[in-house]
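The values are calculated or read from the model by the stated rules, or taken from the named source; none is laboratory data. Predicted model only: the values in this text are computed from it and were never measured. Here the Cβ is made from the backbone with ideal geometry for all residues, glycine too, and neighbour counts use every protein chain on show. For the accessible areas, the whole protein counts, side chains as well, though only heavy atoms, and no ligand, DNA or RNA atoms are used. Shrake-Rupley method; radii C 1.70, N 1.55, O 1.52, S 1.80 Å.
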Amino acid sequence: MRIVVVGAGINGLLTARELAQANVEIMLCDQGDLAQQASWAGGGIVSPLYPWRYAPAVTALSRWAQAAYPNLQRELYDSVGIDSELLTSGLLFVNPDDARDAMVWAQANHARVERVDHAHLRDRWPGLAHDADTGVFFPDIAQIRNPRLLKALIADLTRHSHVQLRPQTAVIAIAGARGHASASVTLASGERIEADAIVVCAGAWTAKLLARSALPIRPVRGQMLQYQVAPGSIPSMILRDGHYLIPRQDGLVLCGSTLEETGFDDRTTAQAREQLEAVAATLWPGLTAQPPVRHWAGLRPGSPNGIPYIGAVPEQPGVWVNAGQYRNGLVLAPASAALISDLVLSRQPRLDPTAYAPLAPD
Ligand SMILES: Cc1cc2nc3c(=O)[nH]c(=O)nc-3n(C[C@H](O)[C@H](O)[C@H](O)COP(=O)(O)OP(=O)(O)OC[C@H]3O[C@@H](n4cnc5c(N)ncnc54)[C@H](O)[C@@H]3O)c2cc1C
């Protein structure tokens with residue numbers, strides 16, 4: 001069996017890995033360098049931002065994926081010696097106005113959670129801004145160092161002789177199987193490649209490639225700042241009013257992010273830099289003693305309610321999609337890749353796929 005996977009972000013790489021483990025011959029192509037778009041730009045929180053505010057379809061994928069991450073990290077480390085730094089640093093939600101909903105959700109989903117009062121907050125997170133009153137702390141929420149995870153995945157895939165990685169290879173058209181003809185992709189070079197299945201993991205660009213299917217996936221720009229502090233100075237990830245800090249093990253701290261509907265423009269802006277500097281000052285005032293060391297942007301694959309499309313593309317036999325994870329593509333990726341692979345390979349799906357099925361256009 002031969003499958004073409006389009007797009008080498010976290011979803012394409014993990015989908016290719018799942019399929020390769022079933023001994024399928026894979027061609028994975030990307031229009032640019034491998035893994036340089038949203039999956040590189042993301043923060044790597046291994047949880048939806050306010051998990052209790054999401055639809056059960058997102059929770060089902062994220063709970064499954066969270067359980068799968070430790071194994072994935074270990075397998076990649078054993079295979080290629082790159083540590084993706086899966087770190088259970090916990091996530092503190094500061095002043096959430098729906099703390100009760102968080103507690104109810106945590107109980108229903110068997111997630112450990114602590115209500116944190118003002119004194120406790122000052123004691124454990126002494127650098128928080130003074131108007132931080134209360135918090136909800138999920139100690140088991142982890143982060144992943146996504147650029148390293150991507151590097152490890154690429155290195156792992158290159159070890160499979162039946163996987164061909166093709167950067168700088170844009171797909172310009174996709175055709176479903178018809179009569180005796182298989183599904184196929186046409187490359188920008190004019191080359192046409194037939195396959196038993198095509199899996200589109202093209203992130204924010206997916207709707208362009210599957211225009212006939214009218215999937216409502218749109219680019220949503222996110223910008224991020226990075227600071228450098230002494231390792232360990234910020235004791236956990238912190239989220240307040242939709243913005244967050246992610247302290248890495250080596251003292252780098254990510255501060256994000258913006259949500260901007262600016263089409264396919266992935267440039268950074270001075271305005272967002274100012275906004276994020278203000279966010280950093282609100283979250284952990286000491287952080288802004290030094291200017292940020294880096295500023296970047298990426299395009300999320302936005303979808304209604306953040307529910308991804310994982311399944312067969314209507315009216316295009318042999319064409320599948322795994323895209324639209326929006327703000328949660330890194331956390332959801334192991335589960336998304338497992339589910340699409342089950343479907344493509346006609347295995348019993350490990351999760352009911354109904355909620356993710358792309359609907360036929362009207
Ligand atoms: C600032 C920011 C912070 C984030 N933080 C988090 C977080 O903390 N946790 C979390 O879970 N998620 C987070 N996300 C979301 C997450 O990064 C995305 O949902 C996820 O990376 C999407 O992965 P993807 O593989 O679908 O897309 P991408 O990584 O964008 O990959 C798609 C690939 O397809 C390629 N492609 C497109 N069109 C074609 C074509 N025609 N031919 C060939 N190749 C093509 C592109 O070049 C690209 O490499 C964040 C995103 C941003 C921007």
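Before moving on, here are some points about what is shown:
- Residues in the range 306-321 that are out of contact with any Pro (no Cβ under 7 Å at 6 or more places or on another chain) and within 14 Å of the ligand (Cβ to nearest atom): Gly306, Ile307, Pro308, Val319, Trp320.
- In the range 26-42, the qualifying residues are those that are farther than 16 Å from Asp266 by Cβ and surrounded by 22 or more Cβ atoms within 10 Å (Cβ to Cβ), and the one that is farthest from the ligand (Cβ to nearest atom) is Ile26.
- Residues satisfying the stated conditions in the range 174-223, i.e. of a type in the set (D, E, K, R) and more than 8 Å from the ligand (Cβ to nearest atom): Arg178, Glu191, Arg192, Glu194, Asp196, Arg212, Arg218
- Meets criteria (outside any helix (DSSP H, G or I), hydrophobic (A, V, I, L, M, F, W, C) and surrounded by 21 or more Cβ atoms within 10 Å (Cβ to Cβ)) for Ala16: no
- Qualifying residue in the range 251-268 (condition: without any contact (Cβ under 8 Å) to a residue 40 or more places away in the chain, of a type in the set (Gly, Ala, Ser) and either touching an Asp or Glu at 6+ places or on another chain (Cβ under 8 Å) or within 28 Å of Leu86 (Cα to Cα) (or both)): yes
- Selection over the range 58-83 of residues that are open to solvent by 20 Å² or more (accessible area, probe 1.4 Å) and part of a helix (DSSP H, G or I) gives a count of 15.
- Residue that is farthest from the ligand (Cβ to nearest atom) [pool: residues in the range 141-173 that are of a type outside the set (A, V, I, L, M) and without any contact (Cβ under 8 Å) to a residue 60 or more places away in the chain]: Ser161
- Residues being under 22 Å from the mean Cα position of the chain (by Cα) and either at positive phi or among the basic types (Lys, Arg) (or both) - total across the range 215-248: 6
- Here Arg148 meets each of (1) open to solvent by less than 10 Å² (accessible area, probe 1.4 Å); (2) over 30 Å from Gly190 (Cβ atoms) with one exception, condition (1).
- Condition met for Ala55 (open to solvent by 40 Å² or more (accessible area, probe 1.4 Å), away from the ligand (no atom under 11 Å from the Cβ) and not assigned by TED's automatic domain parsing to the domain that holds Ala108): no
- Contacts under 7 angstrom Cβ, first residue in the range 292-303 being of a type in the set (Lys, Arg), partner surrounded by fewer than 20 Cβ atoms within 10 Å (Cβ to Cβ), 6 or more apart: Arg294/Gln226
- Hey, Leu86 under 26 Å from Gln249 (Cα atoms), in contact (Cβ under 8 Å) with a residue 24 or more places away in the chain, among the aliphatic types (A, V, I, L, M) and open to solvent by less than 20 Å² (accessible area, probe 1.4 Å) or not: no
- Residues that are in contact (Cβ under 8 Å) with a residue 60 or more places away in the chain and in contact with a Phe, Trp or Tyr (Cβ under 9 Å, 6 or more places away or on another chain) within the range 234-246 comprise Ile234, Pro235, Ser236, Met237, Ile238, Leu239, Arg240, Gly242, listed in sequence order.
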